[in-house]
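S.K.: I am attaching a structure below and will ask some questions about it afterwards.
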Amino acid sequence: MKNITILISGSGTNLQRIIDCIDNGKIRNAKINQVIADRECFGLERAEKHNIPNQLIKRGKDFSENLEKAIPENTDLIVLAGFLSILKPEFCEKWSGKIINIHPALLPKFGGKGMWGHHVHNAVIEAGEKESGATVHFVTSGIDEGKVILQGKFDIDEHDTAETLAQKVHQIEYDIFPIAIDLVLNK
Ligand code: GRF
């Protein structure tokens, strides 16, 4: 059995999807050993409801040290599922090949510092892109620069707004994230 530690900052719909896909066998041979949030968020309640060990590690002084300590020894894979804090290069180095992230755009476009949530979708609309989607990638010290594991995309239509893109991207994320996690864990 492989142990996954999930880091979140928000509502945790991707966390929920991962929980469901472990239950229904789409993600094989896996267990979530810890959910860690860097702020109060609904995702922690989801973990609690499913009896998954969870903790809040507030940003600020000693954040990186505390985060490091909170990752259980037996973790095989760290999954960033809507985690907004930037991880230290040493942390990324230590977990190299064992830490993945989901990004709400088609990297390498629309990635990097400040590119999260509505900022991404606004930029995609402003650039007049013909398509958007989501990317699961390995995490390195370069923000959103690690090797791509899986992407899913859709065509943007003339009526799309940042809000509709956000909804469509989320649907794509629910499809590709479990597949990518299973791929990395059970390759
Ligand atoms: C997702 O869109 C993901 O791409 C981004 O943060 C969002 C998290 O959404 N990194 P949720 O909390 O899983 O609903």
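S.K.: Would you tally the net charge around F110, using a Cβ to Cβ cut-off of less than 11 Å, leaving F110 out, and scoring K and R as +1, D and E as -1?
M.R.: Summing Lys and Arg as +1 and Asp and Glu as -1 gives -2.
S.K.: Add +1 for every Lys or Arg and -1 for every Asp or Glu among the other residues with Cβ under 13 Å from the Cβ of N122, and state the total.
M.R.: Every neighbour counted, the sum reads -4.
S.K.: Apply the a/c threshold of 1.5 to the C-alpha gyration tensor of the stretch 72-169 and tell me whether it is rounded, prolate or oblate. Intermediate values should be presented prior to the final figure.
M.R.: On the way: a/c = 2.51, a/b = 2.23, b/c = 1.13.
The shape class here is prolate.
S.K.: Separate question: Can you tell me the FRET efficiency between K98 and D157 if r is taken as the Cβ-Cβ distance and R0 is 35 Å, rounded to the nearest 0.05?
M.R.: 0.35
S.K.: I need the Debye-formula profile for the chain: one equal scatterer per C-alpha, no solvent, reported as log10 I(q)/I(0) at q = 0.17, 0.18 1/Å, two decimals.
M.R.: Ignoring solvent entirely, the Cα scatterers give -1.11, -1.24.
S.K.: Now for a separate question. Once the other residues with Cβ under 12 Å from the Cβ of N3 are scored (Lys, Arg +1; Asp, Glu -1), what is the net sum?
M.R.: Working: positive: K2, K31, K98; negative: E73, D76.
Overall, the nearby charge balance is +1.
S.K.: So, one more: Per residue of the stretch 6-14, in order, report the coupling 6.51 cos²θ - 1.76 cosθ + 1.60 (Karplus, θ = phi - 60°) as ³J(HN,Hα) in whole Hz, putting x for Gly and Pro.
M.R.: Result, rounded to whole Hz: 10, 10, 9, 9, x, 6, x, 5, 5.
S.K.: Here's a follow-up. Run the simple label-point estimate for R39 and H119 please: 7 Å along Cα→C-beta, distance reported in nm.
M.R.: About 1.2 nm, to one decimal.
S.K.: Right, here's the next one. For the chain, with all protein chains present and a 1.4 Å probe, just round the carbon and sulfur fraction of the accessible area to a whole percent.
M.R.: For the chain, the apolar C and S fraction of the accessible surface comes to 51 percent.
S.K.: Top to bottom by accessible area (1.4 Å), largest first, where do R46, R59 land?
M.R.: R59, R46
S.K.: Taking only protein heavy atoms and a 1.4 Å probe, what accessible area per residue, in Å², does the chain have with all protein chains in place?
M.R.: Roughly 52 Å² per residue, with all protein chains present.
S.K.: Using only alpha carbon pairs under 8 Å that are at least six residues apart, calculate the relative contact order of the stretch 1-135 and give it in whole percent.
M.R.: 24
S.K.: Do any GluC sites (Glu not before Pro) in the stretch 1-85 lie in a loop, going by DSSP, with at most 16 other beta-carbon atoms within 10 Å of their beta carbon, and if so which?
M.R.: Listed in order of number, the matching sites are E40, E73.
S.K.: With r defined as the distance between the Cβ atoms of E90 and Q167 and R0 fixed at 25 Å, what FRET efficiency is calculated, to the nearest 0.05?
M.R.: Once the sixth-power term is evaluated, E becomes 0.10.
S.K.: Quick check: pseudo-label points 7 Å beyond the Cα along Cα→Cβ at A127 and E65, how many nm apart are they?
M.R.: Output for this residue pair reads 4.0 nm.
S.K.: Any idea how far apart N3 and N74 come out in nm if each label point goes 7 Å out from Cα toward Cβ?
M.R.: 0.5
S.K.: Under 19 Å Cα-Cα from K98, which lysines qualify once same-chain neighbours fewer than 8 residues away are excluded?
M.R.: K2, K31, K69, K88, K147, K187
The values are calculated or read from the model by the stated rules, or taken from the named source; none is laboratory data. Keep in mind it's a predicted model, so treat the numbers as computed, not measured. Methodologically, a virtual Cβ is constructed for each residue, glycine included, from the backbone with ideal geometry; neighbour enumeration extends over all protein chains shown. Note: accessible area is taken over every heavy atom of the protein model, side chains too, but ligands, DNA and RNA are not part of it. Shrake-Rupley method; radii C 1.70, N 1.55, O 1.52, S 1.80 Å.
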